[in-house]
Each structure stands twice: as C-alpha cells, then as structure tokens.
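Have a look at the structure below before the remarks.
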Amino acid sequence: MISVGDIDIYLFNDATAWVDPGGIFGLVPRVLWSRYLDADDRQLVPLAHHNLLVRAGELNIIVDTGFGNCLSESQEKRFALTGCDGTQAGLAAIGVSPADIDIVFNTHLHDDHCSGNFRIDPSGRREPAFPNAEYLVRRREYEDACQPNERTRATYSIDNYLPLHQTGQLRLLEGDCAIAPGVEALATPGHTPGHMSLRLESMGQHAGFVCDLASLAVHMERLAWMTAYDVEPLVTLETKRRWQTWALETSALLVFPHDLTRPAGRLTRNDKGHVIVDVLEIPYSNP
C-alpha cells in the first residue's frame, strides 16, 4: 500500500499474460525493446494486469477489473495466463469484501481490463463481481465498444458491460469529472478514443494511473514508443506529452498497467536531459 496524502492505493496483479512483443511494442524493433523485456523460448513476453483499490474518504474504488474468473478455456489459452483472479484474492487478503466496493472505474473496455466486471459463482451463475458498486466508464468508450469495427472487435466482449448498463448499474461519463474527493477521471485518448486515466491529488501530493496511455514505463519515457493496439497512435503521442509535462512538474507517482518490472515510479531527467522513470517499489497486495 502507498499513500498519496490521505488517499491509500493498493496494487493488485490480476494475472500475468504472455503475448507477442509485436503487440506491446508496435513498430519498435527487437534490438531496442529487448533492453527492457526478455522473450521466452516461445518468443513471448510477460505482461502484468495491474488493478487498483483506491480508498478516498469513505469510498472504496476499484480501478479496472482485469480478467477475473470469467474467461473461457480458449481465452485463457490465447492469453497464456499464469496466475488468475488476483484482484479478488488481493481484496480478500486485506479484508475487503466485493460487497464493500462503492465504485468500479473502467478506464476502457478491452477484455483484459474489464472481464472481471462479472464473476462466475460456484453454481455457474454469472453476476456482477461488485454487487453494490456503481460502475463508471466514458460514454464514448461504451458506444465504441458496443459497435466495434473490424479493427477493434477482437478486443471487446459486450457481455462485460452491456448487462450493467441495462440494469442501471453502469453510469456513462460525458468527460472529465471528479469521482471522489481528490480523485479525477480524465480523458486520455489514443489507445482508444474513449480511454480515460485517473489522477489523484491530496495534501499537495499527486499520482496517476495512466492505464494504456503508457502500458509500460518505457512508453512514458519515450513518447514515440506505443503499442500496436493503439487506435489513434499520434493522438496517444500528444496525450502522453501533456501527461509527461504534468508528471515532471508535480513529481507525481505514475502506475503502469502492464509493467512487471517497473510497475510504478516518478519521472525525472537524467544527466543527458532524457526523461526516465525513477522506480518506486510498491508491494503487491496479493497474497
């Protein structure tokens, strides 16, 4: 756990997936990205799936829900998952029940960030994973996810969010807004047009969960590096430029969703003037 003023953050790794590096590094050649991640004998690289519990005032907020336990056998095989359902295990380890969660904030609706919105119980019934929570996502993201095209349809599963909207448990955000004292949901387009990130500020301290604005720490260090999954890569670049400037000015702690080795850190400049991430160790709250 880490504190940002009087806001507490708990970090969970919901699961580790092994993926083709062409996805996470896009156009970056192997000779460069291999300095940051090692491929295994299958030529795959490991990605974390970080979710947060944010405690702000009296509110318990889950930020993204990962894979959960709703994936089919074929989906688990496709992602080559090791470890699973880490968010629920992490909550249990710190004594928080799913019923204690007040808000679930989905940064976007790609499967690896919101499949855990639901949960399959021992009887095989599929129910909202956080029964008393209000789920939040940007309206633009929801509309795009409900009507994907040939480029985006493989990353969206409508069962992860449509039923929540139909029952009134999902609220659609029109744009930037405060969701709790000191906690802001901000539009960060590029990865998807409706993508959002979270900014925290309390007692003069700052933090941000950038989500897939910068999937890995190196993506925030190097503005030109981005994933092949980004729908609008040049928009990603300019959004990162604004957040990089803010993070340098405020010494904000940034949390990266898929980085196993550098999950969090603060931006600084090295002796050559290059932006680098000064890694901060945040212990996982998983058991």
Item to check | Cβ charges +1 (Lys, Arg) and -1 (Asp, Glu), total dipole of the chain, debye | outcome: 560 debye
Checklist outcome for this item: the stretch 63-106 scanned against label point 7 Å out from Trp18 along Cα→C-beta; backbone N under 18 Å for 73-85
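Counting other beta carbons within 10 Å of each Cβ, put Ser285, Ser123, Ser197, Ser251 in order, fewest first. Display every interim value, and only then the final one.
Details: Ser285 21, Ser123 5, Ser197 25, Ser251 12.
Ranked by crowding around the Cβ, least crowded first: Ser123, Ser251, Ser285, Ser197.
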Checklist outcome for this item: Computed on Cα atoms, the radius of gyration and Dmax of the stretch 49-192 in angstrom are 14.7, 43
Checklist entry - Simple spin-label model, 7 Å along Cα-to-Cβ: Glu281 to Arg241 in nm? => result 3.7 nm
Next on the checklist: If you build the convex hull over the alpha carbons only and average its shadow over all orientations, what do you get for the stretch 174-248? Give it in nm² to one decimal.
Outcome noted: 4.9 nm²
Checklist entry - Fewest to most neighbouring Cβ within 10 Å: what's the order for Ile94, Ile62, Ile179, Ile2? => result Ile94, Ile2, Ile179, Ile62
Item to check | Centroid-to-centroid separation of the stretch 211-286 and the stretch 1-79 [C-alpha atoms, Å] | outcome: 14 Å
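Cβ under 15 Å from Leu11's Cβ, Leu11 left aside: what net charge do those residues give with Lys, Arg +1 and Asp, Glu -1?
Details: positive: Arg55, Arg262; negative: Asp8, Asp14, Asp64, Asp259, Glu281.
So the environment of Leu11 carries a net charge of -3.
Exactly which trypsin sites (Lys or Arg not before Pro) in the stretch 35-107 are in a DSSP loop and have at most 14 other Cβ atoms within 10 Å? Intermediate results must be reported in sequence, preceding the final value.
On the way: sites: Arg35, Arg42, Arg55, Lys77, Arg78; in loops: Arg35, Arg42.
Those satisfying the criteria are Arg35, Arg42.
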Checklist entry - In the calculated pair distance distribution of the chain, what percentage of Cα-Cα distances lie above 24 Å? => result 47 percent
Item to check | Residue with peak Gaussian network fluctuation, the chain [Cα springs, cutoff 10 Å], from Leu27, Leu254, Leu53 | outcome: Leu27
Checklist entry - So what are the three principal axis dimensions of the stretch 1-107 from its Cα atoms, in whole Å, longest to shortest? => result 47, 35, 22
Item to check | Karplus (6.51, -1.76, 1.60) ³J(HN,Hα), θ = phi - 60°, over the stretch 259-273, in Hz, Gly and Pro reported as x | outcome: 9, 6, 8, 9, x, 7, x, 10, 7, 8, 10, 7, 5, 9, x
Next on the checklist: Contact order normalised by length for the stretch 181-227, with contacts defined as Cα pairs under 8 Å and 6 or more residues apart; what percent is it?
Outcome noted: 26 percent
Next on the checklist: Using +1 at the C-beta of Lys and Arg and -1 at the C-beta of Asp and Glu, which of Val54, Ile120, Phe209 has the Cα lying farthest in the positive direction of the dipole of the chain?
Outcome noted: Phe209
Checklist entry - Which trypsin sites (Lys or Arg not before Pro) in the stretch 140-211 pass both tests, a DSSP loop state and at most 11 other beta-carbon atoms within 10 Å? => result Arg151
Item to check | Taking the chain and dividing mean pair separation by its residue count, relative contact order in percent (alpha carbons under 8 Å, at least six apart) | outcome: 20 percent
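Rule-based calculations on the coordinates, nothing more; no lab input. Small disclaimer: the values here were computed from a predicted structure and weren't measured. Here the Cβ is made from the backbone with ideal geometry for all residues, glycine too, and neighbour counts use every protein chain on show.
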